[in-house]
Amino acid sequence: MERQKTKNSGLLALTALIWGVAFVAQSVGMDYVGPFTFNAVRSLIGGLALLPCILWQDRSKRRPAQETSPKTLWLGGVLCGLALCAASSLQQIGIAYTTVGKAGFITALYIVIVPVLGVFMKKKTGVLLWISVALASTGLYFLCITENLSIGRGDVYVLACAVIFSFHILLVDYFSPRTDGVRLSCIQFFVCGLTALIPALLQERPQVTAVLAAWAPILYAGVLSCGVGYTLQVIGQKGLDPTVASLILSLESVFSVLAGWLLLGQSLSGREIGGCVLMAAAIVLAQIKPAVHENVT
């Protein structure tokens, strides 16, 4: 069991890496297409990328050990897809009106929102986990906020995104143990893509030439961030406390800063390095004997 949890934690860390680099792709993609168009195309590509995996599962008879109820699978896929569409669209819109640093910090507030929501859902959260949340929140502040904190139009959009992402994490926590992760992920992408396509066609009226011009960031966001990343999230969250999962996933902020440094030539200040250290400490603390967390009051 502990080995499986360690493996799942590693999958979520890889997910955070993929998502962190995706911030660069999202920023570049907005130079060519609107937010709904970007999310619609990337999500549909993510769904299509998973179809070969499902076919391979069927032909090699690598079916999940637990038989999945079609009703549960489709209900989970639709709910996760709608939540994902709302959250990712709000994030994409917010990035256009605020700085990447603020967007990264506010989005990662789901590490605080998830355990708070868990309290109302009668999920036990130990003292060590709350300490991890506090450390991670402080680390994210030092890592991402380098200017005076103010609330603007984009900040409100991204804050709403963080709230909905928290519900998405809890939805995945509920449905992932009850369904096949790859199929659940595939359905959620098609639901997300088709839902985002409606406002894209009505408001943005995307041109094929613009979509083709943004092929590189869209492909990364579609195949890796969606197809691979969110599928790893669904698989990795199985058996993990949702608060622990959200802490690991919040590492995307660390990786987004590192990606900006490597790909965009941005440098790391001492303040940002300190934020990375606090984030790493929070993740390690959250992983120390999870069973003890549940017994600490």
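Observations
- When region 57-82 is limited to residues that are at pLDDT below 85 and in a helix (DSSP H, G or I), the one that is least open to solvent (accessible area, probe 1.4 Å) turns out to be Gln57.
- Enumeration of residues in region 215-228 that are in contact (Cβ under 8 Å) with a residue 40 or more places away in the chain and surrounded by fewer than 22 Cβ atoms within 10 Å (Cβ to Cβ): Ala216, Leu219, Tyr220, Val223, Leu224, Val228
- Looking across Val119, Val156, one residue alone is in a helix (DSSP H, G or I), open to solvent by 60 Å² or more (accessible area, probe 1.4 Å) and modelled with pLDDT under 75. It is Val119.
- Evaluation of Leu197 against the conditions (1) among the hydrophobic types (A, V, I, L, M, F, W, C); (2) under 20 Å from Gly29 (Cα atoms); (3) out of contact with any helix residue (DSSP H, G or I) (no Cβ under 6 Å at 6 or more places or on another chain); (4) in contact (Cβ under 8 Å) with a residue 60 or more places away in the chain shows that the sole unmet condition is (3).
- Residue pairs whose Cβ atoms lie under 9 Å apart, separated by 6 or more positions or on different chains, with the first residue in region 33-49 and touching a residue at least 24 places away in the same chain (Cβ under 8 Å) and over 12 Å from Tyr220 (Cα atoms) and the second of a type in the set (S, T, N, Q) and not in a helix (DSSP H, G or I), are Val33/Gln207.
- Tally of residues being among the small types (Gly, Ala, Ser) and either at pLDDT below 75 or over 21 Å from the mean Cα position of the chain (by Cα) (or both) across region 281-297: 2
- Criterion (over 13 Å from the mean Cα position of the chain (by Cα), in a helix (DSSP H, G or I) and not aromatic (Phe, Trp, Tyr)) met by exactly one of Leu232, Leu194: Leu194
- Residues satisfying the stated conditions in region 78-111, i.e. over 13 Å from Met30 (Cβ atoms) and more than 16 Å from the chain's Cα centre (by Cα): Val78, Thr99, Gly101, Lys102
- Filtered by the rule that a residue be in a helix (DSSP H, G or I), modelled with pLDDT of 90 or more and either over 21 Å from the mean Cα position of the chain (by Cα) or within 10 Å of Phe189 (Cβ to Cβ) (or both), region 32-50 gives Arg42, Ser43, Leu44, Ile45, Gly46, Gly47, Leu48.
- Positions within region 170-209 being surrounded by 15 or more Cβ atoms within 10 Å (Cβ to Cβ) and more than 30 Å from Lys71 (Cα to Cα), in sequence order: Glu204, Pro206
- Pairs with Cβ under 7 Å, 6+ apart, first in region 229-255 and buried (at least 24 other Cβ atoms within 10 Å of the Cβ), second part of a loop (DSSP other than H, G, I, E, B) and not small (Gly, Ala, Ser): Thr243/Thr125; Ala245/Gln237
- Of all residues in region 25-44 being β-branched (Val, Ile, Thr) and within 20 Å of Ala86 (Cα to Cα), the one that is most open to solvent (accessible area, probe 1.4 Å): Val41
- With respect to the conditions (1) open to solvent by less than 20 Å² (accessible area, probe 1.4 Å); (2) modelled with pLDDT under 90; (3) among the hydrophobic types (A, V, I, L, M, F, W, C), Cys85 lacks only one, and its number is (2).
The values are calculated or read from the model by the stated rules, or taken from the named source; none is laboratory data. Here the structure is a predicted model, which is why all the values come from computation and not from measurement. In this analysis, Cβ positions are derived from the backbone assuming ideal geometry, glycine residues included, and neighbour counts consider all displayed protein chains. Accessible surface is based on the protein model in full, side chains and every heavy atom, while ligands, DNA and RNA are left aside. Shrake-Rupley method; radii C 1.70, N 1.55, O 1.52, S 1.80 Å.
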